[in-house]
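Working notes for the structure below.
The values are calculated or read from the model by the stated rules, or taken from the named source; none is laboratory data. Note that the structure is a prediction, hence the values are computed from the model and not measured. A quick note on method: Cβ atoms are made from the backbone with ideal geometry, for glycine too, and the neighbour counts reach across all protein chains shown.
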Amino acid sequence: MKDLSSFPIRKIVHVDMDAFYASVEQRDNPELRCKPIAVGGSAARGVVAAASYEARAFGVHSAMPSVTAKRKCPDLIFVPPRFDVYRAVSQQIREIFAEYTPVMEPLSLDEAYLDVTENLKGMEIATEIASEIRAKIKQVTGLNASAGISYNKFLAKMASDLNKPNGQAVITPKNGPVFVEALPVKKFHGVGPATAEKMHRLGIDTGADLKEKTLEFLVENFGKSGPYFYGIARGIDEREVKPNRVRKSVGAEDTFSQDLHAYEPARERLQPLMEKVWAYCEANGIGAKTVTLKVKYADFNQITRSKTVPAPLPAIADLEEVVDLLLSPIFPTLKGVRLLGVTLSSLERQTAATEPQLRLAF
């Protein structure tokens with residue numbers, strides 16, 4: 001792979017709304033301001049869709065089971081989601097983005113990449129563009145946004161987390177490789193818990209450790225992700241900002257500190273994973289017809305079970321039903337389960353004629 005100087009220097013801004021759902025609720029209901037709130041169901045199997053910063057101070061975060069969140073924060077206030085309101089706000093934000101560039105790529109309901117290398121305002125400094133966008137979002141919606149600015153998508157995403165909430169940070173081409181070297185791999189965007197654990201087993205704890213590995217080693221151990229890891233360890237990310245990008249699949253998985261041996265605990269741990277993938281589909285107006293369950297046992301043997309339905313799943317309850325059908329035959333098992341994952345594929349854009357679903361076009 002070429003070195004950093006061989007690649008074009010882009011101006012990429014990653015905009016990330018601060019606790020989006022929760023912030024909208026606090027904006028619209030003065031009684032909720034400065035209080036720990038969680039948007040989502042408070043039922044036994046409910047999960048937190050978003051948590052206010054007051055709730056985060058107690059360790060509450062998105063995708064956390066509601067019962068766990070309440071245990072961590074006894075004064076937590078649960079608020080049901082209002083997706084129609086979130087959708088309207090996100091449209092306002094997208095219109096602000098469009099004033100600066102048509103090259104925008106939404107990641108989820110509350111974040112997007114913008115390529116402002118050549119922008120509609122003719123502005124040369126990307127940090128000034130990010131500041132203007134954040135100020136306009138505040139003026140129009142009353143909400144705070146954070147931003148990261150860098151020469152590629154990976155570092156722009158990492159930069160947006162540096163001064164949250166309501167801040168921004170820039171990582172320059174000069175500082176990018178050094179920044180990555182000092183970063184723990186578990187904090188890398190695109191490195192999930194299972195991949196981070198595998199890296200740790202291979203002696204890779206930081207970006208500097210990752211940089212020491214050869215491309216051949218990374219391909220052997222991480223397959224098609226090997227070249228990507230090799231590049232980002234050197235501050236290199238060749239991916240372009242792609243408007244209207246449609247993913248081939250969306251998945252989430254979790255590795256457990258203790259092996260699971262029964263259906264009920266396994267089903268409970270799958271719930272936040274289902275909520276996460278379903279939220280992505282809703283946010284991006286995507287339907288899924290294929291559900292895949294991933295199971296990795298304590299001995300590291302792995303199996304997958306899939307089911308494809310004739311039409312996109314209309315509601316999360318239908319996803320839960322399919323996952324239940326795939327999970328039930330796994331138990332009882334003599335081997336403990338150390339990892340579970342859910343992936344949705346056969347994705348397609350929803351149309352106005354499709355079964356209405358709750359989603360945000362960010």
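The table below gives the values:
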read-out: Residue within region 101-115 that is modelled with pLDDT of 95 or more, over 21 Å from I9 (Cα atoms) and surrounded by fewer than 20 Cβ atoms within 10 Å (Cβ to Cβ) present; value: no
read-out: Evaluation of V291 against (1) outside any helix (DSSP H, G or I); (2) more than 24 Å from the chain's Cα centre (by Cα) (one fails), failing number; value: (2)
read-out: Criterion violated by V250 - all others in (1) out of contact with any Lys or Arg (no Cβ under 7 Å at 6 or more places or on another chain); (2) at pLDDT below 90; (3) β-branched (V, I, T); (4) more than 20 Å from A315 (Cα to Cα) satisfied; value: (4)
read-out: Restricting region 44-53 to residues that are farther than 18 Å from V277 by Cβ and within 21 Å of the chain's Cα centre (by Cα), the residue that is surrounded by the fewest Cβ atoms within 10 Å (Cβ to Cβ); value: Y53
read-out: Pair list, Cβ < 8 Å and 6+ apart or interchain, from region 175-203 residues that are farther than 16 Å from A159 by Cα to residues that are exposed (fewer than 15 other Cβ atoms within 10 Å of the Cβ); value: T195/S225; M199/D205
read-out: Selected residue (only one of L325, L313 is of a type in the set (A, V, I, L, M, F, W, C) and loosely packed, with under 15 Cβ neighbours inside 10 Å); value: L325
read-out: Selection status of K35, surrounded by fewer than 18 Cβ atoms within 10 Å (Cβ to Cβ) and within 23 Å of M274 (Cα to Cα); value: no
read-out: Close pairs (7 angstrom Cβ cut-off, 6 or more residues apart or separate chains): part of a helix (DSSP H, G or I) in region 55-82, among the small types (G, A, S) and modelled with pLDDT under 90 anywhere; value: S66/G40; S66/G41; S66/S42; S66/A43; S66/G46; V67/A44
read-out: Helices (runs of 4 or more DSSP H) wholly inside region 140-224 containing at least 3 residues that are within 27 Å of D115 (Cα to Cα), modelled with pLDDT of 95 or more and under 18 Å from the mean Cα position of the chain (by Cα); value: 153-159
read-out: Count - residues of region 209-226 that are touching a residue at least 24 places away in the same chain (Cβ under 8 Å) and surrounded by 15 or more Cβ atoms within 10 Å (Cβ to Cβ); value: 4
read-out: Flag if D205 is more than 22 Å from S150 (Cα to Cα) and surrounded by 16 or more Cβ atoms within 10 Å (Cβ to Cβ); value: no
read-out: Filtered residue count, region 17-43, keeping only those that are on the phi > 0 side of the Ramachandran plot and over 24 Å from the mean Cα position of the chain (by Cα); value: 1
read-out: Total residues in region 318-334, condition assigned to a loop (DSSP other than H, G, I, E, B) and either in contact (Cβ under 8 Å) with a residue 60 or more places away in the chain or within 25 Å of the chain's Cα centre (by Cα) (or both); value: 3
read-out: Residue that is nearest to A38 (Cα to Cα) [pool: residues in region 83-116 that are part of a helix (DSSP H, G or I) and of a type in the set (S, T, Y)]; value: Y86
read-out: Options L313, L273: the member that is without any contact (Cβ under 8 Å) to a residue 40 or more places away in the chain and of a type in the set (A, V, I, L, M); value: L313
